[in-house]
Amino acid sequence: MLINGRELEALRHAVAAGGPKRDAYLHPLAPGESEYAGFAIRAAANRWVNTRIRIPEHGGHSHDFFCDCGTQLSLPADMQPQAQYVCPACGKTYSGERFDAAVRCFDHHKIANAALNLALAYGIGQDRKYSDKAAEILRKYAEAYPGPHTNAVAGGMLKQSLNEAMWIIPLAQTYDLIHDSGALTDADKRLIEDKLFRPAEEGIERCGIGGNWGSWHLSAVGVVGFAIRDAGMVRFALKSFEAQMRGQLGDDGLWPESVHCYHFFPLRAFVFFAEACYRAGIDLYSYQPKPGKGLRAMFGAPLQYMYPSFQLPAINDGWYAAWLPLNLYEIARLRWSDPAFVWALEEGRERGAAVAEAMPAGNMRYLGGPSLYGFLFGSTLPAKPKPPRFAGTNFPNFGLCTLRNDRMMLTFHYGRFLGHGHPDKLSFTLFADGTLLSPDYGTPGYGSKILHWFQSTAAHNTVVVDGKTQARSRDNALDAFLAGKVAQFAKATATDIYPGVSQARRILVIGGVCFVIDDLASDTAHDYDWLFRCEGTPRVLGAYADAKADTACYPSVRFDRVASFEDLLRIDWKNPPCELAFGMWGGGIAGLGKCPAEDDIRHVSFLMCRQRGAKARFVAAFVPNKPGDQARLAKSGDIISVSMPGETVYLSLGAQSSGNLTTDAELAAVRIADGKVTGAFLARGSRLAWKGKTLIETASKVDCAEASKLSF
Ligand SMILES: [Zn+2]
Ligand SMILES: [Zn+2]
């Protein structure tokens, strides 16, 4: 199911021959080092051969094992209950059954994984001491198993049926690997099948196939079915897989919860099942409920969704520090001859080496770390293929589009509220010049006391009305989208997140500048708070009068200064080697302070620009700079100009009948590079001219259009 005899033989040869696989297999296991990554398998197996197997009581919920500050508490090395559990970040301590139960949850997963490492060590070395120990774990679990899940959080060995599914899969793979090793008698097999696998499967199947839990449930049922050769279980899993692919996966290839966490989480489960199927002659990799929708799309779509650094935008629930999981892409490379997957693996590994250096040891979420599938099936890759073509992409089911050129990438989350969603409609994130300047920080562990901040609208780059969190939007419309050669543009309107308020956001990326234009309208006056957070140190340019503002609606933000501005607010954020020049036009009150980053330990710069009235307009320009490059931002009438070395972009915020730029469009832009017009863009218009020369002309008004091949 996980690896067949022929593949094991090849692996055995690779380990005997020397090279990276031998090094990985024979690597010593340092204390505290992960046993989950297909790394140091022999050392892990040897350690477990000499460990007395003691099956813990019923396990709790791993998310309970978090500090109020959002950090996971330190697990005891021996997994025994402690009088106190300590937060490694802030030192706060916790105790009690809830925490003991969470430790037991971790312990169960650890023991199941130990069984798999033992089984793999047996498969590679054919030494019975490993299969005997793996058999002992299975036997002891069969003896200790308390009975099936009766609902999603009752019964079973682990509190959540989700954890039960994640725990049973490696045990089923273990059973398969050592089945014919001689370590199990016929009586053992009957015991393990009847007292462990069948009741566990029965409980998991009962808990249904909804959402990402369902992905794990169905995969566990299928993998157990293969392990004990039960065709009914496999049939159930196949039917359920088909139903999830058809009904739960989005037509845009993304899992409609949160991509960085809940896309790859079910995909990880599917791969366990699909690999077992593949070795049984059933090809789920080619299954498509409709053209272009299926497992391949689940691997392909995230390549366009991720930032150029391979970090995944942390939209909605889930960890901030999440990268493209190269472990899974080993399987993608194995099952499809798509150069994009080979490129992702090679580029990811190169980048991962740099990321790993910056990450704390033991953090398993970094890019390019050791990988089980890499160890089992990875091979020397051909010369790195050309990268796939990256372009702004709309994911209409998820409700998010990306805007990108060779300098910048933005995500624009315009869609409806989905499972594990955040009230972040119309929020954007900004990546520029290799740096994630303004991310969404996702969420810390669900048990964290600071969770409310991450699940509030204020934790996102959008406009908050009257200090409140948005209602859940049901609208998934994108008014306009252009992923052009010169211009990247998107527009969306929200009317169902604040009663009586319409808010429209337009984002335009052209050349080295990004504009974000917000228009708010209501019949009554409101406080409109335009919010933005940024990595790095802010420097305020210009003199502004101190002012007062009621900021009690943002208790998680500490404001250092509140000032008023008449026309333009200028701030630079320094974040070496990247600088972000920022300008905001519209006037009002500005508050600059700090808010939580990915937890309540680290804080980042936070900007609020407030206008009060029935209507408001915010026009912001973001200009990523190299240190020393002075971007100049100016406004004359309804025309904004942004000058950078070698380049000037003019933005028109309405029809213009005189001057260099003339247009009938609601929004238009002209880019001049080295004295030449190199690009033009308009939205809601039909005509754009520069110094009397027509750049864009259409028969009637269009949502948006661009011109790129201009020769003057
Ligand atoms: Zn803490
Ligand atoms: Zn969020």
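The values are calculated or read from the model by the stated rules, or taken from the named source; none is laboratory data. What you see is a predicted model; the values in this text were computed from it and never measured. Cβ sites come from the backbone with ideal geometry, for glycine too, and all protein chains shown count toward neighbours. The accessibility values were calculated without ligands, DNA or RNA, using every heavy atom of the protein model including side chains. Shrake-Rupley method; radii C 1.70, N 1.55, O 1.52, S 1.80 Å.
Pull out the extension gain between T380 and D567, defined as 0.36 nm times the separation in residues minus the alpha carbon to alpha carbon distance; nm, one decimal. Mind dumping the intermediate values first?
Working: separation 187, 0.36 × 187 = 67.32 nm, distance 5.86 nm.
Between T380 and D567, full extension yields an extra 61.5 nm.
In vacuo Debye scattering of the chain, one point per C-alpha: log10 I(q)/I(0) at q = 0.07, 0.08, 0.10 Å⁻¹?
Cα-only, vacuum Debye calculation for the chain: -0.53, -0.68, -1.00.
Highest mean first, how do 437-443, 419-425 rank when packing is the count of other Cβ atoms within 10 Å averaged over residues? Mind showing how you got there, number by number?
Working: 437-443: 23.7, 419-425: 22.0.
For the peptides 437-443, 419-425, the packing ranking is 437-443, 419-425.
Among I169, S215, S286, which residue has its Cα positioned farthest towards the positive end of the charge dipole of the chain, with +1 placed on the Cβ of Lys and Arg, -1 on the Cβ of Asp and Glu, and the dipole taken about the Cα centre?
The residue sitting most towards the positive pole is S286.
In Å², what does the accessible area per residue of the chain work out to with a 1.4 Å probe? Please report the intermediate quantities before stating the final value.
Details: 26960 Å² over 712 residues.
Here the residues of the chain average 38 Å² of exposed surface.
Does anything in the stretch 94-133 have its amide N under 14 Å from the 7 Å Cα→Cβ label point of R22, and if so which residues?
Within reach of a label on R22: no residues.
Taking all protein chains in place and a 1.4 Å probe, what share, in percent, of the accessible surface of the stretch 431-474 do carbon and sulfur account for? Before the final figure, lay out the partial values.
Working: 710 of 1460 Å².
The computed percentage sits at 49.
Can you work out D for the stretch 407-545 in µm² s⁻¹ from Stokes-Einstein, where Rh is the Kirkwood radius over C-alpha pairs, the temperature is 4 °C and the viscosity is 1.567 mPa s? Intermediate values should be presented prior to the final figure.
Values: Rh = 16.3 Å.
Stokes-Einstein gives a translational diffusion coefficient of 80 µm²/s.
Roughly to the nearest percent, how much of the accessible area of the stretch 604-680 is carbon and sulfur, given a 1.4 Å probe?
On the way: 1320 of 2950 Å².
Carbon and sulfur: 45 percent of the exposed surface of the stretch 604-680.
How large is log10 I(q)/I(0) at q = 0.16, 0.24, 0.32 Å⁻¹ when the Debye formula is applied to the Cα atoms of the stretch 260-306, each weighted equally and without solvent?
With no solvent term, the Cα-only Debye profile gives -0.46, -0.93, -1.18.
Any idea what the dipole of the chain comes to, in debye rounded to 20, about its Cα centre with Lys/Arg Cβ at +1 and Asp/Glu Cβ at -1? Kindly include the intermediate steps, with their values, before the conclusion.
Numbers: 76 positive and 73 negative charges, 197 e Å.
With only Lys, Arg, Asp and Glu charged at Cβ, the dipole is about 940 debye.
Roughly how big is the stretch 482-578's charge dipole about its Cα centre, with Cβ charges of +1 (Lys, Arg) and -1 (Asp, Glu), in debye to the nearest 20?
On the way: 11 positive and 13 negative charges, 108 e Å.
The calculated dipole for the stretch 482-578 is roughly 520 debye.
Any of K384/K485; K384/K626; K159/K195; K574/K594 with alpha carbons more than 23 Å apart? Name them for me.
Values: K384/K485 26 Å; K384/K626 29 Å; K159/K195 18 Å; K574/K594 15 Å.
Pairs exceeding the cut-off: K384/K485; K384/K626.
Put +1 on the Cβ of each Lys and Arg and -1 on the Cβ of each Asp and Glu in the chain; which of L334, P439, A40 then has its Cα farthest toward the positive end of the dipole?
Going by the charge dipole, the pick is L334.
Which net charge results when you count Lys and Arg as +1 and Asp and Glu as -1 among the other residues whose beta-carbon is under 13 Å from that of D68? Provide the component values of the computation, followed by the final result.
Numbers: positive: K92, K449; negative: D64, D599, D600.
Summing Lys and Arg as +1 and Asp and Glu as -1 gives -1.
Order 172-178, 322-328 from most to least packed using the mean count of other Cβ atoms within 10 Å. Don't skip to the end; give the middle numbers.
Values: 172-178: 25.7, 322-328: 23.0.
Sorting 172-178, 322-328 by mean packing, highest first, produces 172-178, 322-328.
In the neighborhood of A89, defined by Cβ-to-Cβ distances under 10 Å, what is the net charge if each Lys or Arg adds +1 and each Asp or Glu adds -1?
Working: positive: K92, R602; negative: D599, D600.
Taking every other residue near A89 into account, the sum is 0.
Where nothing but the Cβ of Lys and Arg (+1) and of Asp and Glu (-1) is charged, how large is the charge dipole of the stretch 416-475 around its Cα centre, in debye to the nearest 20? Could the numbers behind the result be given before it?
Numbers: 6 positive and 5 negative charges, 62 e Å.
For the stretch 416-475, the charge dipole is close to 300 debye.
When the chain is fully extended, how far beyond the present Cα-Cα distance does D550 get from D703, taking 0.36 nm per residue of separation? Display every interim value, and only then the final one.
Values: separation 153, 0.36 × 153 = 55.08 nm, distance 3.89 nm.
Taking D550 through D703 to full extension adds about 51.2 nm, to one decimal.
Report, to two decimal places, the Cα Rg of the stretch 537-662 normalised by 2.2 N^0.38 Å (N = number of residues). All intermediate terms of the calculation are to be shown ahead of the outcome.
On the way: Rg = 16.3 Å, N = 126, 2.2 N^0.38 = 13.8 Å.
Normalised by 2.2 N^0.38 Å, the Cα Rg of the stretch 537-662 equals 1.18.
Go through the stretch 566-648 and name the GluC sites (Glu not before Pro) that are in a DSSP coil and have 16 or fewer other Cβ atoms within 10 Å of their Cβ. Each step should come with its number before you reach the end.
Working: sites: E566, E579, E598, E647; in loops: E566, E598.
Here the GluC sites (Glu not before Pro) that fit, given the DSSP loop and packing criteria, are E566.
Near F582, within a Cβ-to-Cβ distance under 9 Å, what is the net charge of the other residues, with Lys and Arg +1 and Asp and Glu -1?
Details: positive: R570; negative: D572.
Summing Lys and Arg as +1 and Asp and Glu as -1 gives 0.
Please work out the FRET efficiency for the pair N476 and R229, using the Cβ-Cβ distance as r and a Förster radius of 41 Å; give the result to the nearest 0.05.
Details: r = 44 Å, r/R0 = 1.08.
For N476 and R229, the calculated efficiency is 0.40.
Using per-residue counts of other Cβ atoms within 10 Å, averaged over each peptide, order 489-500, 382-393 from highest down.
Details: 489-500: 19.8, 382-393: 13.1.
Going from most to least packed, we get 489-500, 382-393.
R0 = 41 Å: FRET efficiency of D186 with K290, Cβ-based, nearest 0.05? Mind dumping the intermediate values first?
Details: r = 46 Å, r/R0 = 1.13.
Once the sixth-power term is evaluated, E becomes 0.30.
Stick to the Cα atoms of the stretch 112-179, pair each with every other, and give me the Kirkwood hydrodynamic radius in Å at one decimal. Write out the running numbers ahead of the final one.
Details: mean 1/r = 0.0810 Å⁻¹.
Hydrodynamic radius (Kirkwood, Cα pairs) of the stretch 112-179 is 12.4 Å.
May I ask you to give the percent of accessible area on the stretch 259-342 that is carbon plus sulfur, with a probe radius of 1.4 Å?
Details: 1240 of 2280 Å².
So the carbon and sulfur contribution to the accessible surface is 54 percent.
May I have the extent of the alpha carbons of the stretch 144-265 along their three principal axes, as whole Å values ordered from largest to smallest?
Here the spans come out as 49, 28, 25 Å, largest first.
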